[in-house]
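Asker: Have a look at this one.
The values are calculated or read from the model by the stated rules, or taken from the named source; none is laboratory data. Since the model is a prediction, treat every value here as computed from it, not as a measurement. Ideal geometry is used to build each Cβ from the backbone, glycine not excepted, and the neighbour counts take in all protein chains shown.
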Amino acid sequence: MLLLIQEIDRPHTYKALRQGIEVGCSAIFLDPDIFKDNGESSYLLPFIKEGRLGPVNYVGGYFHADSWAKKHPVFKGLPCGGVMDYTYYREIIPQDAFISIDTPWEAVCGALNGSAGYNSGLHVAVYKMGAGFYMLNNLKIHENLGTDPVSERLLVNMVVYVDSVI
């Protein structure tokens, strides 16, 4: 079973969702805003022990972070295997990334910023939990569905990928 998560009735649903993943379901979190509560961006990040959603593009626009995407089924049919081409991805690259999170089973896409210090994080990460998987995502896929073909292709690729690893 595959679950696409864009809204969640918390905190009771987190427990049921976790149990479902542990027995073999997979979940794709399409919007990191579902984790917000009490003014903290990752207060309810359900399954990881450490980390938060924080800025990686914060240097006034002059020296933005370099977002990257590895060659991976999530990016099938799209330019990948290095720095993300802004021509294709400008609508979906967010200002924030998952920073200092637990080591994922697979790091798929992220960003690094070497100006004014160093900062890095992940945009897409896959975690294994029991017999199932879940995918954290903060690319702007959900809000661009219907207007940006890249977001639509990524969503289809994510569903196909998660379905194939079950």
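Asker: Scanning the range 67-126 for residues that are polar (S, T, N, Q) and assigned to a loop (DSSP other than H, G, I, E, B), which turns out farthest from residue 56 (Cα to Cα)?
Answerer: Taking the range 67-126 and keeping what is polar (S, T, N, Q), we get 67, 87, 95, 100, 103, 113, 115, 119-120.
From what is left, the residues that are assigned to a loop (DSSP other than H, G, I, E, B) are 95, 100, 103, 115.
Working: 95: 6, 100: 12, 103: 18, 115: 10 Å.
Applying the filter and picking the extreme gives 103.
Asker: Right, here's the next one. I'm trying to understand the selection: among the residues of the range 13-32, which are surrounded by fewer than 16 Cβ atoms within 10 Å (Cβ to Cβ) and at pLDDT 75 or above?
Answerer: Answer for the range 13-32, where residues must be surrounded by fewer than 16 Cβ atoms within 10 Å (Cβ to Cβ) and at pLDDT 75 or above: 15, 16, 19, 22, 23, 24.
Asker: Within the set of pairs 6 or more residues apart or between chains, which connect a residue that is small (Gly, Ala, Ser) inside the range 110-123 to a residue that is assigned to a loop (DSSP other than H, G, I, E, B) with Cβ atoms less than 6 Å apart?
Answerer: So the pair list comes out as 111/56; 111/65; 115/59; 115/63; 116/59; 121/56.
Asker: Filter the range 129-166 down to the residues that are touching a Phe, Trp or Tyr at 6+ places or on another chain (Cβ under 8 Å), within 20 Å of residue 56 (Cβ to Cβ) and not aliphatic (A, V, I, L, M) and list them by number.
Answerer: Across the range 129-166, the qualifying residues are 137, 138.
Asker: While we're looking at this one, here's another question. Between a first residue in the range 67-96 that is without any contact (Cβ under 8 Å) to a residue 60 or more places away in the chain and a second residue that is assigned to a strand (DSSP E or B) and of a type in the set (Asp, Glu), which pairs have beta carbons less than 6 Å apart while being 6 or more apart in sequence or on different chains?
Answerer: So the pair list comes out as 83/66.
Asker: Looking only at the range 106-142, which residues are exposed (fewer than 15 other Cβ atoms within 10 Å of the Cβ) and either under 17 Å from residue 53 (Cα atoms) or hydrophobic (A, V, I, L, M, F, W, C) (or both)? Even if it seems obvious, please write down each step before you answer.
Answerer: First, the residues of the range 106-142 that are exposed (fewer than 15 other Cβ atoms within 10 Å of the Cβ): 114-118, 128, 130-131.
Matches in the range 106-142: 116, 118, 131.
Asker: In the range 127-153, what residues are assigned to a loop (DSSP other than H, G, I, E, B) and hydrophobic (A, V, I, L, M, F, W, C)?
Answerer: From the range 127-153, those assigned to a loop (DSSP other than H, G, I, E, B) are 130-131, 138-141, 145-148; that's our starting set.
Of everything in the range 127-153, those that are assigned to a loop (DSSP other than H, G, I, E, B) and hydrophobic (A, V, I, L, M, F, W, C) turn out to be 131, 139, 141, 145.
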